[in-house]
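These notes are about the structure you will find just below.
The values are calculated or read from the model by the stated rules, or taken from the named source; none is laboratory data. Just so you know, these numbers come straight off a predicted model, no measurement behind them. Neighbour counts run over all protein chains shown; Cβ positions are idealised from the backbone, glycine included. These area figures cover heavy atoms from the full protein model, side chains too; ligands, DNA and RNA do not enter into them. Shrake-Rupley method; radii C 1.70, N 1.55, O 1.52, S 1.80 Å.
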Amino acid sequence: MNFEKKHVYYIIVTFTLCYMVQTYWQTGAHFIGTIWSASQPFLIGAAIAYVVNIAMSAYERLFGMLLDGTKAEGFKRGLSMILAYLTFVVVIVWIFSIVLPDLISSLKSLLTIDTSGFNQWINQMNDNKYVAKVLGYLGQDTDLAKMLSSYSQQILQQVLTLLTGVLTSASTVASTLLNVFVSLIFSLYVLGNKEQLGRQAGLLVDTYLGKYASKVRYVFGILNRRFHGFFVSQTLEAMILGTLTALGMNLFGFPYAATIGVLVAFTAIIPVVGAYIGMTIGFILVATQSFSQAIWFVVFLVVLQQFEGNFIYPRVVGGSIGLPGMWVLMAITVGGALAGIPGMLMAVPLAASLYQIVKDHVSKRQKRSAERL
């Protein structure tokens, strides 16, 4: 290979870039971090607009069937946007109006529990030689009271740490409210101009990406379908599970049926593991009334979750995201490890999109191979 003059330029530019990166790494990282922090309200606003647009589009289709003519377009857009936001506000207020009173009631029940019976039970278990033998076999302290005291101190320390964090973050309430306000206003702008923004994005893609524009449109089309299908179907599945939970609890006479049904529906938006988070909270609520009922509640919800996961979830959610259960579980695990609950919600449609892209590519390659033969 001939060593040309342009190769010298490439070496100089590469060396200069490496030197700049090494020298100004901290400054660049701080600059990027500042831009990321400043853009978060707008990213959250765009995410809010995407979710609210699902309900808004439904209202627009409804008004499109009821109202004809181009003169009513502006009226339909404004009314659909208002109704979409009101829908989410009403749902949130309804959830809190059901859940908060029962949570306060359960906390009052916890404060009035007579601990003498519990202490007597601990003493009886502590004197039981079989319990001591099992604890010794598991490598635990055979003094049950001491072991429970140690665990309770650890739990109390975690609770105090959480409360301290909440109190210390109270000073950031004003900035948080400001960010929420900015996010909501930005989401309104996005929804009010969604067609224009879509055309502008398409124009930029076609202008600057050239032959790659069709591939970018294809990828974003899959992402849009998978995210839209996931949010709609996962919400529907969570509502079904919450309704079945509330009906079953009423049928078996468990307390706090409505509250736990709403909690299970709310947490079930997180795929696979969400219902078990709701089950844990529900167990604590029911246990404030009856510990034996709390045990039976866990059995009931596990059975219901298995029925729902094997018969309802594949039909409601599975077909909409096109991702096998094994990969759903893997996506949730990785997403949760990377970004917590938001990561769990984002990981499933992202994995489903990647799965569809790979599937389409494999199918295309196999078709080409078959044509060559």
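Test MET330 against the criterion of being at pLDDT 80 or above, open to solvent by 70 Å² or more (accessible area, probe 1.4 Å) and not hydroxyl-bearing (Ser, Thr, Tyr), and give yes or no.
Working: at pLDDT 80 or above: yes; open to solvent by 70 Å² or more (accessible area, probe 1.4 Å): yes; not hydroxyl-bearing (Ser, Thr, Tyr): yes.
So MET330 fits the description; yes.
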| task | Working carefully through the options VAL262, VAL232, find the one that is touching a residue at least 40 places away in the same chain (Cβ under 8 Å), open to solvent by 60 Å² or more (accessible area, probe 1.4 Å) and assigned to a helix (DSSP H, G or I). | result | VAL232
| request: Determine, yes or no, whether ILE281 is at pLDDT below 85 and not small (Gly, Ala, Ser). | output: yes
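I'd like the full set of residues that are surrounded by fewer than 17 Cβ atoms within 10 Å (Cβ to Cβ), among the hydroxyl-bearing types (Ser, Thr, Tyr) and either at pLDDT below 85 or assigned to a loop (DSSP other than H, G, I, E, B) (or both), limited to segment 242-259.
none
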| field | Subset of segment 235-252 [over 28 Å from VAL348 (Cβ atoms) and free of Cβ contacts under 8 Å to residues at least 40 places away in the same chain] | value | ASN250, LEU251
